[in-house]
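Asker: Dropping the structure in here first, questions after.
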Amino acid sequence: MITFELNGEAVEVDIAADTPLLWVVRDHFKLKGSKFGCGMGLCGACSMLVDGQSIRTCNFPVAAISGRKVTTIEGLGNPERLSALQQAWVDNSVAQCGYCQSGQLISATALLNNNLNPSDSEIDEAMSGNICRCGTYPRIKKAIADVAKKAGAPSAGVNVFVPGQEG
Ligand code: FES
Ligand code: FES
């Protein structure tokens, strides 16, 4: 039995230890927001937060997640209460086909959780592992920069997602 935290809830699963986390989350827990792209850790479509860091889950064995905190796109916010980044995604009409965007938002969240004032090149570096075949990169960058800018103003009241402190 493998136990971990999924979007703030303690969960357990009885499954082969080498099953990729992506399939545990999608097939066992029925959370379909994280996508399968390359299956080789190259595209970022399957990204989830693990203890606040963006990791590729398509080749990440579920056994390695034991006792850790996993957050998927479903845990960042919901239609009634979007995270600041999700709202910026909407405001900037970031998504095109949308397939990569769950992973993009996870990596952007990890970036801002670690660095609320990223430079242009820091955004590029943090997001470089997430591929978008539709080419939405400029809008992704703009959305991240918008949130960072607002978060820099104390009166802005921006809700930046912090894993384990949501509520
Ligand atoms: S599906 Fe995991 S990195 Fe591409
Ligand atoms: S929006 Fe289509 S792949 Fe990124």
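Asker: Quick one: is Arg139 touching a residue at least 24 places away in the same chain (Cβ under 8 Å), farther than 13 Å from Lys35 by Cβ and not hydroxyl-bearing (Ser, Thr, Tyr)?
Answerer: Considered against the rule, which asks whether it is touching a residue at least 24 places away in the same chain (Cβ under 8 Å), farther than 13 Å from Lys35 by Cβ and not hydroxyl-bearing (Ser, Thr, Tyr), Arg139 comes out as yes.
Asker: Here is a further query. Just wondering, is there one or more residues in the stretch 62-72 that are open to solvent by 20 Å² or more (accessible area, probe 1.4 Å) and touching a Pro at 6+ places or on another chain (Cβ under 8 Å)?
Answerer: yes
Asker: Can you tell me which of Ile65, Ile15 is touching a residue at least 40 places away in the same chain (Cβ under 8 Å) and farther than 24 Å from Asn130 by Cα?
Answerer: Ile15 is the lone residue from the list that is touching a residue at least 40 places away in the same chain (Cβ under 8 Å) and farther than 24 Å from Asn130 by Cα.
Asker: Suppose we filter the stretch 43-61 for residues that are within 14 Å of ligand 2 (Cβ to nearest atom) and hydrophobic (A, V, I, L, M, F, W, C); how many remain?
Answerer: Matching residues across the stretch 43-61 total 3.
Residue-wise test of (1) touching a residue at least 40 places away in the same chain (Cβ under 8 Å); (2) open to solvent by 30 Å² or more (accessible area, probe 1.4 Å); (3) within 13 Å of ligand 1 (Cβ to nearest atom).
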| residue | (1), (2), (3) |
| --- | --- |
| Asn7 | yes, yes, no |
| Cys43 | yes, no, yes |
| Cys58 | no, no, yes |
| Glu74 | yes, yes, no |
| Ala84 | yes, no, no |
| Val90 | no, yes, no |
| Ser93 | yes, yes, no |
| Gln101 | no, no, no |
| Gln104 | yes, no, yes |
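The values are calculated or read from the model by the stated rules, or taken from the named source; none is laboratory data. Quick caveat: nothing in here was measured; it's all calculated off a predicted structure. Neighbour counts run over all protein chains shown; Cβ positions are idealised from the backbone, glycine included. What goes into the accessible areas is simple: the full protein's heavy atoms, side chains included, and nothing from ligands, DNA or RNA. Shrake-Rupley method; radii C 1.70, N 1.55, O 1.52, S 1.80 Å.
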